[in-house]
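Chemist: One structure follows; several queries about it will come next.
The values are calculated or read from the model by the stated rules, or taken from the named source; none is laboratory data. These numbers come from a predicted model, not from an experiment. Please note: Cβ atoms are built from the backbone with ideal geometry, for glycine as well, and neighbour counts cover all protein chains shown. Ligands, DNA and RNA are stripped out before the accessible areas are found, and what is left, the full protein with its side chains, is counted by its heavy atoms. Shrake-Rupley method; radii C 1.70, N 1.55, O 1.52, S 1.80 Å.
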Amino acid sequence: MRPIIFSKMDFSHSSLFGYIEDLQELTIIERPVRRSLKTPEEIERLTVDEELSDIERAVYLLSSGQDIQGTSVVANLPVLMRQNPAETLRRVLPKIREVLHVAGVEMQLTAAVSFLTVLQEESVSIHTYSHSFLHIILQNLEHRDTGVSNAWLETLLAVIEALPKETVRHEILNPLVSKAQLSQTLQSRLVSCKIMGKVANKFEAHTVKREVLPLVKSLCQDVEYEVRACMCRQLEHVARGIGTELTKTVVLPELVELARDEGSSVRLAAFETLVNLLDMFDADDRSQTVLPLVKSFCEKSFKTDESILVSLSFHLGKLCNGLYGIFTPEQHLRFLEFYKKLSTLGLQQENGHNDNQLHLQTLEHEKKYITVRKNCAYNFPAMIVFVDPKNFHLELYSIFFCLCHDPEVPVRYTMAISFFEVAKLLNSDVYTIHKELVALLQDESLEVLDALVGHLPEILELMTNRGENNGSESKLLSIPDLIPALTTAEQRAATSLKWRTHEKLLQKYACLPHIISSDQIYYRFLHRMLTIILTNNVLPVQKAAARTLCVYLRYNRKQEQRHEVIQKLIEQLGQGKSYWNRLRFLDTCEFIMELFSKSFFCKYFFLPVLELTHDPVANVRMKLCCLLPKVKSTLKIPTDKHLLQQLELCIRKLLCQEKDKDVLTIVKRTVLELDRMEISVDAEQLEKEKQKNEGRSTNINDKMFEKKRRDSKTSSVLAKSINLSISGSSSGTSAGKEEKKSKLVRSQSFSTQVLHPKYSNIDKCPNKSSATGYTSSVPGMGKSCMLSFSDDSFRTHAAGNSGNAAFPSSSSRNLFSSADQKSNGNKESQSRKMSIKNRKSNS
């Protein structure tokens, strides 16, 4: 045990006081843990009889339970309504109504959400809902807690859309007349403003004019600026409900008056409402009323009313394009310069003023200025439309450069998001912004890179296809320094902790075969993907790299490079020492089956995949078994019949030798799936083999028939000549006898010389007939002998596995020919013996 050294501790009064404070903080941290423990009495009060039904339990907990139990019942209200709506409405909902009068904030918020859920699920009819739930919602609208009041208001606004018009008129609109009066509370009048905006779209224009517009005007002139601002924001919904005519005569004058209001929030609400309603105003209203107001806002934004500056920068693009048709050239240039000024706001350095007061003022405004420049970046595509893309380089390129190199990340992030829109608008002039693309790819912030990568394939395609140099041989010339920027971006993403950005980047890099040359991909990206698969520790990143590598391999047409990559995949992944690499090999094979042809997979990866059935790690064998149905689907019969045999052999080995229970379960399930699969048949190849086998069969049969015919003809002629010679020599001299003897010897030698040398030694056997043998009496032998054809050489063999005809082997054909000739020789010897015996008897 190491000794405690006190010499370095400070025991001064201040230090001791600090230690005591730390100990007190630790004590405070531990107190909630002790308080969370329940006493036996508390546990007894929280215990509920398990035999109670759901409805009875809910009523009991709402009546005598604690607040947390009541809140649980209220949260479970949609479930009770689905299970038993009648009993829930009769017994549970009245209890909830009673409890909500004294309920806390948590139960109130839970009830507002539950009531909205019941409406959305349509557990009851809208008539029943309005009768049972609407009054509870209206009672809690004016809760003293603002959050609770807003929650119930959101529920009411959703209910108004579903309620019938008459119900809205009697239950909601009529009470608004009294709720919107100045005598009511501020919260009540604010709620009335929001209800007005929703109700205006529920009724016809004449009804809104008669019953709603008087209340709207009253609230627009309320003494409280919060009410005026709230009602001003609802004027957009009112205008959509009453149409263009009433908007021009009623709403627009109110907006003009509110735009000059003393409250900045009211002026801001009026400005934003004017921008949103531009499409409802005609050209005269825009030029005579709206444009002067907008010019006034722009002039005051820098001088006296900076509160509107952020909103003005956000809506400037929509405003410029909405008023485009009424701008004079001078006004057009004026608004463009105003946008340029906003785009660099806060970046100008003040000369000669470095006192503390200016520094503090700068800090206060810095956040606002960053937001303004961010909004300008958001509006940049709209401003390209405003100046015309043909004038981009002259009018806006300098601003584009500044925004892409802005010192603040949010500004560059917004430019990265809108970069694709800018590229589309520039069309054939997109090559002018390639430097900014490279700069954003090399940005120090991964957030900027992540935003840019989302549309990177589309941006690069626009750059290469529509750029200045769009020839196939020089497509890289349109994006100088692209490859170093892409490699730098990937390396920075790889060294960060944001693996999702790295994964996204690798997925998007699959577009590069359409952008750069195959050699550039091979030397700069393909091997990098393999390295990521082997060394990265994040599975989604490894899979993304594996798929992108397969895409690169798919578009690589150089066989040497292809074979090298395939060999590395098999050796370093499929046969790697780490089981993790072997698992990634199976993932890679899955991508190969997706991207390549079936024959390609069968040629290079089928057997290496099957070798993993002997893998020592159960997880690898398990993943392989799950992949086997896809592997089998790559086979075609009869081309891949030998691979099918290997697959069946591997399955049998797994069934017989697998010891892991989990793997064996998957193997059995896989076997059932494989049995249900049908192997695709290569009809063309099958037809070729069929024709080839039929032609071979016809030729062999023709040859056998011709040879048999020739042999039988020769034997018959020879037998006839022997018979004639014997009959002719019956009355001859001794010379005739010698001649007859020599012919007998020749006949015996002819009958035996056609036997194959292998079968020249014939064993002596009993003279029996056999279904599997062929018997023949050989002249000159004392006993009859049997030739057995049980040897393999005498059997016929199948020529193929596809139902082709079976043909006899060559040894069988020789044997049959020999047997035919031998049989003919035996017949000649027998006829000669008969002639000799007849001759002896006559003598």
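Chemist: Give me the pairs, please: first residue somewhere in region 612-624 and touching a residue at least 24 places away in the same chain (Cβ under 8 Å) and of a type in the set (S, T, Y), second residue anywhere and open to solvent by less than 40 Å² (accessible area, probe 1.4 Å) and not in a loop (DSSP other than H, G, I, E, B), beta-carbon distance under 6 Å, and either six or more positions apart or on two chains.
Modeler: So the pair list comes out as T613/C650; T613/L654.
Chemist: Of the conditions (1) within 19 Å of K367 (Cα to Cα); (2) crowded, with 16+ Cβ neighbours inside 10 Å; (3) not aromatic (F, W, Y), L347 fails just one. Which one is it?
Modeler: Looking at each condition in turn, L347 falls short on (2).
Chemist: Being in a helix (DSSP H, G or I), hydroxyl-bearing (S, T, Y), surrounded by 15 or more Cβ atoms within 10 Å (Cβ to Cβ) and out of contact with any strand residue (DSSP E or B) (no Cβ under 7 Å at 6 or more places or on another chain), is that true of even one residue in region 152-162?
Modeler: Checked region 152-162: at least one residue is in a helix (DSSP H, G or I), hydroxyl-bearing (S, T, Y), surrounded by 15 or more Cβ atoms within 10 Å (Cβ to Cβ) and out of contact with any strand residue (DSSP E or B) (no Cβ under 7 Å at 6 or more places or on another chain).
Chemist: Hand me the list of helices (runs of 4 or more DSSP H) wholly inside region 427-466 holding 3 or more residues that are of a type outside the set (G, A, S) and either open to solvent by 70 Å² or more (accessible area, probe 1.4 Å) or over 27 Å from E395 (Cβ atoms) (or both).
Modeler: 446-453, 456-466
Chemist: Restricting region 480-498 to residues that are open to solvent by 40 Å² or more (accessible area, probe 1.4 Å) and either touching a Pro at 6+ places or on another chain (Cβ under 7 Å) or of a type in the set (V, I, T) (or both), which is farthest from H527 (Cα to Cα)?
Modeler: Per the criteria, the residue is T495.
Chemist: Let me ask something additional. Just to check your reading of the model, which residue among F297, F327 is within 18 Å of F281 (Cβ to Cβ), open to solvent by less than 60 Å² (accessible area, probe 1.4 Å) and at pLDDT 90 or above?
Modeler: F327
Chemist: Let me ask something else about it. Please work out if L176 is open to solvent by less than 30 Å² (accessible area, probe 1.4 Å), assigned to a helix (DSSP H, G or I) and at pLDDT below 90.
Modeler: Taking the combined requirement at face value, the residue satisfies it.
Chemist: Could you identify the single residue in H365, H332 that is over 24 Å from E436 (Cβ atoms), modelled with pLDDT of 85 or more and open to solvent by less than 60 Å² (accessible area, probe 1.4 Å)?
Modeler: Going through H365, H332 in turn, the sole match is H332.
Chemist: Something else now. Would you please list the contacts, defined by Cβ atoms under 9 Å and residues six or more apart or on different chains, that run from a residue in region 651-662 that is over 14 Å from P616 (Cβ atoms) to a residue that is open to solvent by 100 Å² or more (accessible area, probe 1.4 Å)?
Modeler: Filtered contacts from region 651-662: K653/H614; L655/K668.
Chemist: Further question on the same structure: On the given criteria, is A103 in a loop (DSSP other than H, G, I, E, B), among the small types (G, A, S), modelled with pLDDT under 90 and surrounded by 18 or more Cβ atoms within 10 Å (Cβ to Cβ)?
Modeler: The answer is yes for A103.
Chemist: Applying the selection to region 250-278, what residues are open to solvent by 20 Å² or more (accessible area, probe 1.4 Å) and not in a helix (DSSP H, G or I)?
Modeler: If the condition is that a residue be open to solvent by 20 Å² or more (accessible area, probe 1.4 Å) and not in a helix (DSSP H, G or I), then R260, D261, E262 are the ones that fit.
Chemist: Let me ask you something else. Could you list, in sequence order, the residues of region 522-579 that are in a helix (DSSP H, G or I), over 24 Å from D615 (Cβ atoms) and either of a type in the set (D, E, K, R) or without any contact (Cβ under 8 Å) to a residue 12 or more places away in the chain (or both)?
Modeler: Correct list: Y523, R524, H527, R528, R554, Q559, E560, R562, H563, E564.
Chemist: Return only the number of the condition from (1) without any contact (Cβ under 8 Å) to a residue 12 or more places away in the chain; (2) touching a helix residue (DSSP H, G or I) at 6+ places or on another chain (Cβ under 7 Å) that E648 does not satisfy.
Modeler: (2)
Chemist: A further question on this structure: What number of residues within region 515-538 satisfy the criterion of being touching a helix residue (DSSP H, G or I) at 6+ places or on another chain (Cβ under 8 Å), open to solvent by 10 Å² or more (accessible area, probe 1.4 Å) and either polar (S, T, N, Q) or under 20 Å from L586 (Cβ atoms) (or both)?
Modeler: So the count comes out to 7.
Chemist: Exactly one condition in (1) modelled with pLDDT of 75 or more; (2) in a helix (DSSP H, G or I) is not met by L52; state its number.
Modeler: (2)
Chemist: A follow-up question, please. Among the helices (runs of 4 or more DSSP H) lying completely within region 603-688, list those that include at least 1 residues that are among the hydrophobic types (A, V, I, L, M, F, W, C), under 26 Å from E571 (Cβ atoms) and open to solvent by 20 Å² or more (accessible area, probe 1.4 Å).
Modeler: So the answer is 606-610, 618-632, 641-657.
Chemist: Checking the condition at pLDDT 90 or above, closer than 25 Å to L93 by Cα and open to solvent by 40 Å² or more (accessible area, probe 1.4 Å), which residue from I137, I126 passes?
Modeler: Exactly one of I137, I126 is at pLDDT 90 or above, closer than 25 Å to L93 by Cα and open to solvent by 40 Å² or more (accessible area, probe 1.4 Å), namely I126.
Chemist: Here is a further query. Is it true that T247 is crowded, with 19+ Cβ neighbours inside 10 Å, among the β-branched types (V, I, T) and out of contact with any Phe, Trp or Tyr (no Cβ under 9 Å at 6 or more places or on another chain)?
Modeler: Spelling it out, it is not the case that T247 is crowded, with 19+ Cβ neighbours inside 10 Å, among the β-branched types (V, I, T) and out of contact with any Phe, Trp or Tyr (no Cβ under 9 Å at 6 or more places or on another chain).
Chemist: While we're looking at this one, here's another question. Against the condition farther than 23 Å from D640 by Cβ and either among the small types (G, A, S) or open to solvent by less than 70 Å² (accessible area, probe 1.4 Å) (or both), how does V541 come out, does it pass?
Modeler: yes
Chemist: Moving on. Test R582 against the stated conditions and say whether it is farther than 20 Å from L643 by Cα and without any contact (Cβ under 8 Å) to a residue 40 or more places away in the chain.
Modeler: Answer is yes for this residue.
Chemist: For region 395-423, how many residues are open to solvent by 70 Å² or more (accessible area, probe 1.4 Å) and either outside any helix (DSSP H, G or I) or at pLDDT below 95 (or both)?
Modeler: 2
Chemist: Looking at E98, E142, can you tell me which residue is open to solvent by 50 Å² or more (accessible area, probe 1.4 Å) and more than 21 Å from S188 (Cα to Cα)?
Modeler: On inspection, the qualifying residue turns out to be E98.
Chemist: Does L512 count as surrounded by fewer than 21 Cβ atoms within 10 Å (Cβ to Cβ), in contact (Cβ under 8 Å) with a residue 24 or more places away in the chain and part of a helix (DSSP H, G or I)?
Modeler: no
Chemist: Suppose we keep only residues that are in a helix (DSSP H, G or I) and at pLDDT below 90 within region 473-489. Which one would you say is nearest to R528 (Cα to Cα)?
Modeler: L476
Chemist: Further question on the same structure: Do we have any residue at all in region 200-213 that's open to solvent by less than 10 Å² (accessible area, probe 1.4 Å), within 25 Å of E161 (Cβ to Cβ) and touching a His at 6+ places or on another chain (Cβ under 9 Å)?
Modeler: Yes, that holds for at least one residue.
Chemist: Mind listing whichever residues of region 553-599 are of a type in the set (F, W, Y), open to solvent by 20 Å² or more (accessible area, probe 1.4 Å) and out of contact with any Lys or Arg (no Cβ under 8 Å at 6 or more places or on another chain)?
Modeler: Passing the criteria: Y555, Y579, W580.
Chemist: Condition first: under 29 Å from D284 (Cα atoms) and either modelled with pLDDT under 90 or among the aliphatic types (A, V, I, L, M) (or both). Now tell me which residues in region 335-359 satisfy that.
Modeler: Correct list: L336, L342.
Chemist: Pick from region 221-240 the residues that are over 46 Å from the mean Cα position of the chain (by Cα) and under 20 Å from N150 (Cβ atoms): which of them is most open to solvent (accessible area, probe 1.4 Å)?
Modeler: Y225
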